[in-house]
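Everything below concerns the one structure shown next.
The values are calculated or read from the model by the stated rules, or taken from the named source; none is laboratory data. It should be emphasised that the depicted structure is a prediction, and the values quoted were computed from it without experimental measurement. Backbone-built Cβ (ideal geometry, glycine too); neighbour counts: all protein chains shown.
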Amino acid sequence: MIAQRICCVVGARPNFMKVAPVYLALRRRGLEVRLVHTGQHYDEKMSTVFFDDLGMPRPDAFLGVGSGSHAEQTARVMTRFDEDCDAFRPDLVLVAGDVNSTLACAIVASKRGHAVGHIEAGLRSGDWQMPEEINRVVTDRVSDLLLTPSSDGDAHLLAEGTEAWRIRRVGNCMIDSLRTHLDRARSLDTPQALGLKPKGYAVATLHRPSNVDEPAQLAALLDALGQTADKLPILFPIHPRTRARIEAAGLPVATGVQLVDPMGYLQFLGVMADAAVVLTDSGGIQEETTALGVPCLTLRANTERPVTVTEGTNTLLGMDPRSIAPAVDEVLAGRAKGGRIPELWDGKAAERVADVVCAGFQTLLEASEPTRSGQEMP
Ligand code: UD1
């Protein structure tokens, strides 16, 4: 069977920059590709702007699931994506990353007997408190094709019993987007427009439940950012979830911390590229800073992207906000951690995905028929 009808799923902000280059590469190969947006993220600033910035067409379907508990959100995606598959009947569903939409669509496609490919397969934090870890493990388990960004991904999958022939190391699709758009991002001069001097400011982002849902932890983090801002101004594009938590708890934000609305892809890439240091709990930003050679201090106890620590510019600070000040002092003293670009972060990962889909995947599916017994391929 040749995968000719392909459904690419996006749902939340970190999906867009991973799927855009793959979607565009598949279209260039003349395949019929449907772009489905679940609507997990729906604000103009969390979603729409990314389509413009990444040169993506409007989605063929917008499922409009919106926010809710994990169960509600996942269930709504599953029901609505099932209906969409009734209409399109894809040969292959491609999902990316670790958000609730990824999990929901992978389960639906798998149960319907559509082949599933997972972009960014095999990453593991080992932390079952993270909803994303559950999403990663379950998505990988029901996927037929595991498209990994780095060798640790292959190793995790093999250790969990995934057959080697399902795994294809394609590299980092998100870095394809970064390489394609960096010059345009820089040309916007976003730091200057915000009154920031190149390499004279820090960027902060925080949105993980472990950092923002508990008022005491959030207050301690804001306090630590305030102290850092005495030495280095901080630009803090704020996720709606974090803004809501700050407002609900009535927490003060120091004047040196410039709170701004979530930024578009190009704007944010521009401010990251010129930052002296980035403080974050995001997954993708750990990788983007490594690709940019910008020091990154990650406010988490673990990372599912260890290559950014072993090879890149990332340092795991842990959960104690008191670790921020000494780490920033090191950067300001010129002792920031250096790094190199990991293997296959070369801007060609999406082309390798397209190669697998166009050629290798047929062989993979044929090889997989015995283990997919009982499932009728469409
Ligand atoms: C989701 C992902 C997380 C990813 C993050 C990037 C899961 C489990 N989590 O977390 O892995 O790092 O996206 O942003 O899928 N909201 C808005 N407007 C929006 C979207 C969300 O105001 O467009 C608010 C709502 O109050 C919502 C809250 O943010 O309840 C959280 O959104 P949700 O999609 O549940 O998770 P994120 O925290 O964004």
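Out of the residues in the range 188-215 that are more than 16 Å from the ligand (Cβ to nearest atom) and surrounded by 14 or more Cβ atoms within 10 Å (Cβ to Cβ), state the one that is farthest from residue 295 (Cα to Cα).
Step one: list which residues in the range 188-215 are more than 16 Å from the ligand (Cβ to nearest atom), which gives 188-202, 215.
Now drop any that are not surrounded by 14 or more Cβ atoms within 10 Å (Cβ to Cβ), which leaves 188, 190-191, 194, 196, 201-202, 215.
Working: 188: 22, 190: 19, 191: 17, 194: 21, 196: 18, 201: 12, 202: 10, 215: 28 Å.
So the residue we want is 215.
Considering the range 293-336 alone, what residues qualify as being among the basic types (Lys, Arg) and more than 20 Å from residue 269 (Cα to Cα)?
Our first condition is that a residue be among the basic types (Lys, Arg); within the range 293-336, this holds for 300, 305, 322, 335.
Result: 300, 322, 335.
For the range 239-256, check the following and say yes or no: at least one residue is within 21 Å of residue 308 (Cβ to Cβ) and within 15 Å of the ligand (Cβ to nearest atom). Walk me through how you get there before you give the answer.
Let us first name the residues in the range 239-256 that are within 21 Å of residue 308 (Cβ to Cβ), namely 239.
Adding the requirement that they be within 15 Å of the ligand (Cβ to nearest atom) leaves 239.
Looking for residues that are within 21 Å of residue 308 (Cβ to Cβ) and within 15 Å of the ligand (Cβ to nearest atom), one finds at least one in the range 239-256, hence yes.
Only one of 317, 344, 332, 292 is among the aliphatic types (A, V, I, L, M) and at positive phi. Can you tell me which? I'd like the intermediate steps shown before the answer.
Numbers: 317 fails: at positive phi; 332 fails: at positive phi; 292 fails: at positive phi.
Unique residue meeting the criteria: 344.
Quick check: anything in the range 46-54 surrounded by fewer than 20 Cβ atoms within 10 Å (Cβ to Cβ) and assigned to a loop (DSSP other than H, G, I, E, B)?
Checked against the condition, which is being surrounded by fewer than 20 Cβ atoms within 10 Å (Cβ to Cβ) and assigned to a loop (DSSP other than H, G, I, E, B), the range 46-54 yields no hits at all.
What pairs come out if I take residues in the range 303-324 that are in a loop (DSSP other than H, G, I, E, B) and pair them with residues that are of a type in the set (Asp, Glu) whose C-beta lies under 7 Å away, six or more apart or interchain?
Correct list of pairs: 305/287; 306/152.
If the Cβ limit is 7 Å and pairs must be 6+ apart or interchain, which residue in the range 242-270 that is not assigned by TED's automatic domain parsing to the domain that holds residue 46 pairs with which residue that is among the basic types (Lys, Arg)?
Here the result reads 261/45; 262/45; 266/184; 270/186, each pair linking the range 242-270 to a residue that is among the basic types (Lys, Arg).
Mind checking which residues of the range 197-212 are part of a loop (DSSP other than H, G, I, E, B), more than 10 Å from residue 276 (Cβ to Cβ) and out of contact with any Lys or Arg (no Cβ under 6 Å at 6 or more places or on another chain)?
To start, the set of residues in the range 197-212 that are part of a loop (DSSP other than H, G, I, E, B) comprises 197-201, 206-208.
The next check asks that each one be more than 10 Å from residue 276 (Cβ to Cβ); those that pass are 206-208.
Within the range 197-212, 206, 208 qualify.
Got at least one residue in the range 219-237 being within 13 Å of the ligand (Cβ to nearest atom), part of a helix (DSSP H, G or I) and crowded, with 16+ Cβ neighbours inside 10 Å? First the steps, then the outcome.
Kept after step one, since they are within 13 Å of the ligand (Cβ to nearest atom), are these residues of the range 219-237: 237.
If we keep only those that are part of a helix (DSSP H, G or I) too, we end up with none.
The answer is no; no qualifying residue exists.
Give all pairs with beta carbons closer than 8 Å in which a residue from the range 100-111 that is assigned by TED's automatic domain parsing to the domain that holds residue 88 meets a residue that is assigned to a helix (DSSP H, G or I) and charged (D, E, K, R); count only pairs at least 6 apart in sequence or on separate chains.
Taking only residues 6 or more apart or on different chains, the pairs are 108/82.
Kindly list the number of the only condition in (1) under 19 Å from residue 145 (Cα atoms); (2) within 14 Å of the ligand (Cβ to nearest atom) that fails for residue 31.
(2)
Would you pick out the residues in the range 70-113 that are under 20 Å from the mean Cα position of the chain (by Cα) and polar (S, T, N, Q)? Give the steps one after another, and end with the answer.
First pass over the range 70-113, keeping only residues under 20 Å from the mean Cα position of the chain (by Cα): 70, 73-74, 77, 93-107.
Of everything in the range 70-113, those that are under 20 Å from the mean Cα position of the chain (by Cα) and polar (S, T, N, Q) turn out to be 73, 74, 100, 101, 102.
Starting from the range 35-46, keep only residues that are near the ligand (Cβ under 9 Å from one of its atoms), then list their pairs with residues that are acidic (Asp, Glu) whose Cβ atoms are within a distance under 6 Å, requiring at least 6 positions of separation or different chains.
The qualifying pairs are 45/261.
Have a look at 259, 266, 297, 292 and point out the one that is buried (at least 24 other Cβ atoms within 10 Å of the Cβ), of a type in the set (A, V, I, L, M) and touching a helix residue (DSSP H, G or I) at 6+ places or on another chain (Cβ under 9 Å).
Values: 259 fails: buried (at least 24 other Cβ atoms within 10 Å of the Cβ); 266 fails: buried (at least 24 other Cβ atoms within 10 Å of the Cβ); 292 fails: buried (at least 24 other Cβ atoms within 10 Å of the Cβ).
That would be 297, the only listed residue that is buried (at least 24 other Cβ atoms within 10 Å of the Cβ), of a type in the set (A, V, I, L, M) and touching a helix residue (DSSP H, G or I) at 6+ places or on another chain (Cβ under 9 Å).
Just one of the numbered conditions (1) touching an Asp or Glu at 6+ places or on another chain (Cβ under 8 Å); (2) surrounded by 24 or more Cβ atoms within 10 Å (Cβ to Cβ); (3) not in a loop (DSSP other than H, G, I, E, B) is not true of residue 9; which one?
Only one criterion in (1) touching an Asp or Glu at 6+ places or on another chain (Cβ under 8 Å); (2) surrounded by 24 or more Cβ atoms within 10 Å (Cβ to Cβ); (3) not in a loop (DSSP other than H, G, I, E, B) is unmet by residue 9, namely (1).
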